[in-house]
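Remarks on the structure that follows.
The values are calculated or read from the model by the stated rules, or taken from the named source; none is laboratory data. This one's a predicted model, so the numbers in the text were calculated from it and none came from an experiment. In this analysis, Cβ positions are derived from the backbone assuming ideal geometry, glycine residues included, and neighbour counts consider all displayed protein chains.
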Amino acid sequence: MAALKGIAASPGVIAGPAFVYTLPRLDISEEPVTADRRDAEAAAFLAGRLRARDGLCVLIEKVRAEKGDDLAGVFEGHLEILMDDDLEFQILAQIEAGRSALAAVRDVVDAQRKEFLELEDEYLRERADDLADIGRRLIYATASVDFVSLATVPEGAIIVARDLTPSDTAQITPGRVGGFAVETGGRTSHSAIMARTLELPAVVGCAGLLDAVEDGVMIALDGRSGDIVIDPDDAVTADYAARRKAYLADREAMLTLATLPATTTDGTTVLLGVNIGTPADALASLPWNPDGVGLYRSEFLFMDRPTLPSEDEQFKAYATVVKAMKGKSVILRTLDIGGDKPVAAIRFPEEDNPFLGWRGIRMCLYREDGNQDILRTQLRAALRAAAEGDLWIMYPMISALEEVEQLKVIQDETKEALSREGRRFGDVKTGIMIETPGAALIADKLAKLVDFFSIGSNDLTQYTLAADRGNERVSRCYQPFHPAVWRLIALVIDAGKAADIPVGMCGELAGIEEAALPLLGLGLDEFSMGAQSLPRIKRIIRATTMGKARAAAQGILAASTAAEAFRVAETAMNGVLGRP
Ligand code: PEP
Ligand code: MG
C-alpha cells in the first residue's frame with residue numbers, strides 16, 4: 001500500500017483497477033536519410049496520415065453519437081488540419097531534405113504549433129493545443145504504432161496518465177470510466193475542467209504517479225482531497241467505500257436542494273452566487289442552480305500563455321459566461337494578478353513585498369509608461385459582453401477612494417470610445433471588492449461611488465492580520481474567524497445598508513458552513529462560493545430564522561479570539577441543523 005497526494009480537481013470518491021495510459025516511446029532517428037530511402041519515408045508518412053485520418057473519422061462518429069455535433073465539430077477541425085496541403089508539403093519537403101518521416105512530422109508540427117502560439121488572431125492561437133493533439137495522432141500513425149484508445153477502458157477502471165489531451169477526454173464515456181489521475185496540470189488545466197464537466201472524480205498534478213502505479217493494480221481516489229491510495233488494504237478499501245457511499249447520498253440530497261430558494265424560515269431571501277474562473281466552470285455550475293456568478297476571476301484567461309488575450313477573445317469568454325447564466329447577474333472582476341498570481345505576458349519587477357506591491361488594480365492603474373491598455377481593453381470586452389446579458393464590473397484590491405474615481409472615469413471613457421465607434425455594448429453595475437482594511441474602514445465613503453460591494457475575505461483576512469495567506473509558517477495567524485476580521489465585515493455591511501447598495505462576499509468565508517449564520521445575521525445580501533458549497537450554505541439558511549442568525553452575529557462580534565468566535569458560530573450552526 002502507498003499513498004500519494006495531488007491536486008483535488010473534481011469531487012467524488014472511487015476505487016477501481018488502474019488503467020495506465022502511456023504512449024509508447026518512439027525512436028526518432030536524427031540521422032540524415034540517404035537519397036535512396038527518401039521515397040520510402042515519404043510513403044510511410046502518407047500511409048500514416050491515412051491511418052490517422054481513419055482513426056479520427058471513427059472518433060468523430062463516436063463523439064457525434066455520444067456527445068453531440070459541437071464536440072464532433074472540434075475533431076472535424078482536426079481532420080481538416082491533418083489533411084491540410086501545406087502541412088503535407090512542408091513534411092514532404094523536410095523528408096526530401098534528408099529528415100526521417102518521424103523527425104519531419106515532429107519538427108513541422110512543433111514549428112507550426114509555435115507559430116500558432118505567436119498569432120494575433122485568437123481563434124488560430126487556440127488551435128495550438130489542437131495541433132499538438134493532431135501531431136501526436138499523426139506521428140504514431142506514421143510509426144505504425146497503435147496507441148490504446150481510451151474508449152476501451154475496462155468498466156469502472158481509473159485512468160492513470162501523464163496528461164490527457166482533448167481527444168483523450170473526448171473518448172471517455174463517463175458511466176464507464178470510474179475517474180482519473182494525472183501527473184500534470186492544476187485545477188484549471190484542461191483535464192481538470194473536463195473532469196468537472198463529466199462529473200468524474202479526478203486528481204491532477206500528482207507527481208510520481210506513473211512510477212508508483214502499475215496497470216491493473218487497485219487504487220482508491222478522493223477527488224475532494226487529492227488523496228490517492230495505491231493497492232489499499234482492506235481497512236482503506238472499506239474506508240473509501242464508506243466515503244463513496246456518503247458522498248453519493250450527500251450529493252443526491254444536495255441536488256434536491258438546488259431548486260429551492262435560499263430563504264430563511266421567516267422569509268428573508270439572500271442570493272447564492274458561484275465563483276468561477278472559466279466559461280466551463282460556469283457551465284459546470286448550472287446543475288447547482290446558482291443565483292448568478294458572484295465572482296468571475298478573469299485572470300485565468302491571462303495565465304499559462306505567452307501573450308495577452310485580445311479584446312475579441314476576452315469578449316467571447318465573457319459573453320459565453322453571460323449567456324450561460326441566462327439573465328442572471330455575472331460579476332466580472334477585472335484582472336487581479338501579481339502577489340501569488342504571475343502572468344507570463346506581463347513583466348513584473350522584483351519586489352520585496354509582492355502582496356503589498358504592484359498587484360490587482362494597482363498593476364492596471366499605476367504604470368510607469370502611463371499605458372493603461374490592459375485595463376481599457378478588458379473594459380471594452382466587458383462592456384461589449386454586457387450587451388449579451390446582465391454583467392457587472394468589479395475592481396479588486398481597492399485601497400483608496402481616488403482609485404475608484406479614476407476607474408469610473410476610465411470606464412466612462414471606454415463607453416464613449418465604443419459609442420463613437422458604433423460598437424454594441426450594454427449597461428453595467430460598477431462595484432469594488434473590499435479586501436483591504438483601508439477600504440473597509442472608509443466603506444461609508446466608497447459606498448457613495450459604487451453600485452455594490454463584494455467582500456474579499458481571503459485578502460481582507462491576510463491584510464488585517466498581516467499574515468500571508470499562502471505561508472505555511474504563519475497559517476496559524478491567518479484566521480478568517482478572527483474577531484478583527486468580523487468587525488470589519490460588519491462595518492462594510494453597515495456602510496452598504498446605509499448607502500442602500502447590496503453587499504456580497506466572494507472570499508472563501510462565504511462558503512464555510514460555520515460562517516453562514518453570522519454573515520446572514522450581519523445582513524450580507526449575497527454569498528458567492530464554489531458551486532459544490534452552494535447547497536450546504538443553502539441548507540443552513542433555509543433552517544434558520546433571522547433572529548437566530550443575528551444572535552450568532554452578535555456572539556461572534558463579542559468574541560475575543562478566533563477560536564471563541566468559531567465555537568460560537570459552530571454552536572449556532574449545529575443548533576439550527578439539529579445536530580448535537
Ligand atoms: C479574496 O481575496 O477574498 C478574493 C475573493 O480574491 P482572490 O482570492 O482571488 O484574491
Ligand atoms: Mg483577493
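So here's what we get for this one:
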{"quantity": "Of all residues making up region 135-164, the number that are of a type in the set (A, V, I, L, M, F, W, C) and at pLDDT below 90", "calculated": "7"}
{"quantity": "Residue within region 179-188 that is within 21 Å of Pro287 (Cα to Cα) and of a type in the set (Lys, Arg) present", "calculated": "yes"}
{"quantity": "Residue that is of a type outside the set (A, V, I, L, M, F, W, C), within 16 Å of ligand 2 (Cβ to nearest atom) and either within 23 Å of Met325 (Cα to Cα) or in a loop (DSSP other than H, G, I, E, B) (or both), where the choices are Gly431, Gly422", "calculated": "Gly431"}
{"quantity": "Filter result for Asp459 (out of contact with any strand residue (DSSP E or B) (no Cβ under 6 Å at 6 or more places or on another chain), outside any loop (DSSP other than H, G, I, E, B) and closer than 20 Å to Gly294 by Cβ)", "calculated": "yes"}
{"quantity": "Members of region 396-412 found to be free of Cβ contacts under 8 Å to residues at least 24 places away in the same chain and acidic (Asp, Glu), listed by number", "calculated": "Glu402, Asp412"}
{"quantity": "Yes/no for Thr461 being within 13 Å of ligand 2 (Cβ to nearest atom), assigned by TED's automatic domain parsing to the domain that holds Leu301 and within 28 Å of the chain's Cα centre (by Cα)", "calculated": "yes"}
{"quantity": "Pair list, Cβ under 8 Å, 6 or more apart: region 355-370 residue free of Cβ contacts under 8 Å to residues at least 12 places away in the same chain, other residue of a type outside the set (Ser, Thr, Tyr)", "calculated": "Tyr366/Trp358"}
{"quantity": "Residue within region 342-353 that is within 23 Å of Val404 (Cα to Cα) and of a type outside the set (A, V, I, L, M, F, W, C) present", "calculated": "no"}
{"quantity": "Unique residue being in contact (Cβ under 8 Å) with a residue 40 or more places away in the chain and either in the same structural domain as Gly292 (by TED's automatic domain parsing) or among the polar types (S, T, N, Q) (or both) when the list is Ile541, Ile512", "calculated": "Ile541"}
{"quantity": "Inter-residue pairs, beta-carbon under 8 Å, first within 24 Å of Arg469 (Cα to Cα) and part of a strand (DSSP E or B) and in region 326-341, second within 16 Å of ligand 2 (Cβ to nearest atom) and of a type in the set (Ser, Thr, Tyr), 6+ apart", "calculated": "Ile331/Tyr296; Ile331/Ser454; Ile331/Ser528; Leu332/Tyr296; Leu332/Ser298; Arg333/Tyr296; Arg333/Ser298; Arg333/Tyr395"}
{"quantity": "Number of the condition not met by Asp369 [criteria: (1) among the acidic types (Asp, Glu); (2) outside any helix (DSSP H, G or I); (3) within 16 Å of ligand 2 (Cβ to nearest atom)]", "calculated": "(3)"}
{"quantity": "Selected residue (only one of Lys445, Lys415 is more than 16 Å from ligand 2 (Cβ to nearest atom) and in contact (Cβ under 8 Å) with a residue 40 or more places away in the chain)", "calculated": "Lys445"}
{"quantity": "Residue in region 387-397 that is more than 16 Å from ligand 2 (Cβ to nearest atom), more than 23 Å from the chain's Cα centre (by Cα) and not in a helix (DSSP H, G or I) present", "calculated": "no"}
{"quantity": "Residue within region 311-334 that is within 16 Å of ligand 2 (Cβ to nearest atom) and over 15 Å from Trp392 (Cβ atoms) present", "calculated": "no"}
{"quantity": "Qualifying residue in region 439-452 (condition: assigned to a loop (DSSP other than H, G, I, E, B), crowded, with 24+ Cβ neighbours inside 10 Å and within 16 Å of ligand 1 (Cβ to nearest atom))", "calculated": "no"}
{"quantity": "The one condition in (1) within 21 Å of Met303 (Cβ to Cβ); (2) acidic (Asp, Glu); (3) surrounded by 16 or more Cβ atoms within 10 Å (Cβ to Cβ) that Glu388 fails to fulfil", "calculated": "(1)"}
{"quantity": "All positions within region 301-347 that are closer than 16 Å to Ala284 by Cα and within 16 Å of ligand 1 (Cβ to nearest atom)", "calculated": "Val330"}
{"quantity": "Strands (runs of 3 or more DSSP E) completely within region 181-299 that count 1 or more residues being on the phi > 0 side of the Ramachandran plot", "calculated": "292-297"}
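Residues checked against (1) touching a residue at least 60 places away in the same chain (Cβ under 8 Å); (2) surrounded by 14 or more Cβ atoms within 10 Å (Cβ to Cβ):
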| residue | (1), (2) |
| --- | --- |
| Arg25 | no, no |
| Ser29 | yes, no |
| Val33 | yes, yes |
| Arg49 | yes, yes |
| Ala52 | yes, yes |
| Leu56 | yes, yes |
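Yes or no, residue by residue, for (1) under 23 Å from the mean Cα position of the chain (by Cα); (2) buried (at least 19 other Cβ atoms within 10 Å of the Cβ); (3) farther than 26 Å from Gly277 by Cα:
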| residue | (1), (2), (3) |
| --- | --- |
| Ala510 | yes, yes, no |
| Glu514 | no, yes, no |
| Leu520 | no, yes, no |
| Met529 | yes, yes, no |
| Arg536 | yes, no, no |
| Lys548 | no, yes, yes |
| Ala553 | no, yes, yes |
| Arg567 | no, no, yes |
